[in-house]
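Quick notes on the structure that follows.
Just so it is clear, none of the values below were taken in a lab; they were calculated from the coordinates. Everything numeric here is computed off the predicted structure, so don't read it as measured data. So basically every Cβ, Gly included, is an ideal-geometry build from the backbone, and we count neighbours across all protein chains shown.
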Amino acid sequence: MSGAARRVTGLTGLKVVEEPHKKLVNLYERTLRVLGKMPADASYRVNTQAIIKQRLQLVQSESDIATLERKINNGRIEEIIRQAERELHLARNFVQYKPWEPLIAEAPKGQFQWPPC
């Protein structure tokens, strides 16, 4: 991070992360490994993998936190880290519940319609 290190995030409940690059690289690499356990054509895997790879490349190539925040365009670095943690959790849930597999039984009529019948 260029300049003086921040002491506070200005965001209630979020503390300053001491090594945000290291933390994000770790989270993104772990998420990519989890995504690799899904079928190659699973929509969630395809779309999320593209976003994670792009962000990982940004984290590895941009050392300035403020510039990285602008390039990712998703809030402060602490918010980006929180999002990455939640994405890893969601990816693990996808692997556990396997939503790409066929239904065990026929879905009730109107189950997947919006607005509901």
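So here's what we get for this one:
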read-out: Residue tally, condition touching a Leu at 6+ places or on another chain (Cβ under 8 Å) and more than 13 Å from V25 (Cβ to Cβ), over the stretch 66-86; value: 7
read-out: Any hit, the stretch 39-62, residues being at positive phi and among the small types (G, A, S); value: no
read-out: Any hit, the stretch 43-61, residues being more than 18 Å from the chain's Cα centre (by Cα) and in contact (Cβ under 8 Å) with a residue 24 or more places away in the chain; value: no
read-out: Count of residues meeting criterion [in a loop (DSSP other than H, G, I, E, B) and closer than 24 Å to V17 by Cα] in the stretch 30-72; value: 3
read-out: Residue identified as outside any helix (DSSP H, G or I) and touching a helix residue (DSSP H, G or I) at 6+ places or on another chain (Cβ under 8 Å) among L14, L88; value: L14
